[in-house]
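A short reminder: the numbers here are calculations on the coordinates, not readings from a lab. Quick caveat: nothing in here was measured; it's all calculated off a predicted structure. Cβ coordinates were reconstructed from backbone atoms using ideal geometry, including for glycine residues, and neighbour counts include every protein chain displayed.
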Amino acid sequence: MSETVLLVGGGGREHAIARAVAPDCELYACASNRNPGIAALAEAVRSIDERDADGIVDFATDVGATLAVIGPESALAAGVADALAAADVYTFGPRAEAARIETDKAYQRQFMREHGIPGCPDFETFDDTEAACEYIDGYDGDLAVKPAGLTGGKGVRVTGDQVTKAEAKAYLRDSDYDRVVLEERLVGEEFTVQAFVASEGSETPRATGRSPVTDGEVRTTPAVQDHKRAYEGDEGPNTGGMGSYSDADPTLPFMDAADYDAAVDVLEATVDALPTYAGVLYGQFMLTAEGVRVVEFNARFGDPEAMNTLPVMETPFIDVLTAARDGESLPDLSFVPRATVCKYAVPAGYPTDPEAGARIEVDEGSVERAAAERGTDAGEAHLFYASVDAREDGLYTTTSRAFAVVGVDETIGDAEAIADGALAAAGDGLRVREDIGKPSLVQRRIDHVDRLRE
Ligand code: AMP
Ligand code: GLY
């Protein structure tokens, strides 16, 4: 076993990454929290803040890392990929400049406009709160109000949906953001497409006559639908994501292959225009009456979406990493044709008033039994830890999402039944969105798009 991989981050997404690479490498991991799932897979874990570039470089050097994988955006924004690269550790995760496609929403929209990336909504950026409020008053239609910087998915307010225009203005006046983006409200169904990318950017000199760089360097994965709202029926405040599903083919039940292809075209055009980029490019899309529009880009795997994608990926993740490092074409990806449903168990009161310190029971054996009892013969259940506090007498909640279960099976309905059964193993003090992946909710998505397309 020749590769030594350093994983940065300690959430559910990183537990899924750890499970995907651990069989093929020596794994080391660092994060500010101790994730018991990652700890069980790694040779060693060290407690280091995800933004502590120097501490992470020291750890990488100590363990002789031949590759690094960065999970969270906070590490990308802090320049951890730049610092690791400067120490000669190949890092799957873009440098801070390229990660601005996620970390600076004003840059992201200007980048789309400048490079003619398809699917960009009408937008303006503001450094002055009062000018932004005037624009809201004068705008004919609803708007999404987006702080330019990172907010953990919780900073956006959409008028006509979550807030009135008066509330949007009060939100801006109370929050004191340096820069905001105001953009046309997109109406439709959201979906995510994530791609593995290893590209040489336009700033790198290229041989004359070479065609755009994406050929062989962008590998897309099946679409996923996340559920950001805290409560059943898409009510309540936005969260980091309460759960997500994917289908047995790359599309979702409310979209067709042309919609998926339109999303892939956006990702490829974006990679062509970006500086040198290694890592995952995540596109968040809205399927609207006018076609596929871009809600945002992330410079990393989604959380929870990584937990839908990696368990069904047959291609070893290590092969993607080594190909990217060694300047080879990325391997063609293969996925088992299975649907997945991921549900997060979160502390009571999450996200506004989360109750930390509640004791939780997680019985890994009953997670596995859920697959055997509820699914078809193809069924599987997975458990991914996120933010739990492991004390001597057991596991306790923190203020963030605690753990996720993923059902994998032939249909979304079967996968949901497995996830549901697996969650029965969770103790008191936790809440889940029961409706994610249930046939009635999926049907509502289909009906919504049918109505929009009429
Ligand atoms: P973001 O942090 O950009 O992912 O935004 C969080 C959520 O806000 C998205 O998942 C959407 O549900 C919503 N949102 C963002 N931009 C728009 C928009 N232009 N129109 C409607 N909803 C939006
Ligand atoms: N699931 C949304 C995100 O990872 O940002």
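Sorting 337-348, 383-394, 300-311, 101-112 by their mean Cβ neighbour count within 10 Å, with the most densely packed peptide first, gives 300-311, 337-348, 101-112, 383-394. Taking a Cβ cut-off of under 13 Å around Y231, the surrounding Lys, Arg, Asp and Glu residues balance to a net charge of -1, with basic ones at +1 and acidic ones at -1. The label-point distance for E124 and E314, in a model that sets each label 7 Å from Cα toward Cβ, rounds to 5.3 nm. Neighbours of A248 by Cβ distance under 12 Å: Lys/Arg scored +1, Asp/Glu scored -1, total -4.
Add +1 for every Lys or Arg and -1 for every Asp or Glu among the other residues with Cβ under 10 Å from the Cβ of T315, and state the total. With Lys, Arg at +1 and Asp, Glu at -1, the net is -2.
Calculated FRET efficiency, I446 to E43, Cβ-Cβ distance, R0 = 60 Å: about 0.85 to the nearest 0.05. Per residue, the convex hull spanned by the Cα atoms of region 223-371 measures out at 168 cubic angstrom. One chain, two ends: D234 and H115. Fully extended at 0.36 nm per residue, the span grows by 39.4 nm beyond their Cα-Cα distance. Label point 7 Å out from T151 along Cα-to-Cβ: which residues of region 182-198 have amide N under 16 Å? Of the residues in region 182-198, 182-186 have backbone N under 16 Å from the label point off T151. Would you work out if the chain is rounded, prolate or oblate? Take a ≥ b ≥ c from the square roots of the eigenvalues of the alpha-carbon gyration tensor; rounded if a/c is under 1.5, else prolate when a/b is larger than b/c, oblate otherwise. Note, shape of the chain comes out rounded. A straight chain from E134 to A372 at 0.36 nm per residue would run longer than the Cα-Cα distance by 79.9 nm. Classification of region 308-454 by its C-alpha gyration tensor yields an oblate form. The axis ratio a/c (a ≥ b ≥ c) is 1.5 or more, and b/c is at least a/b.
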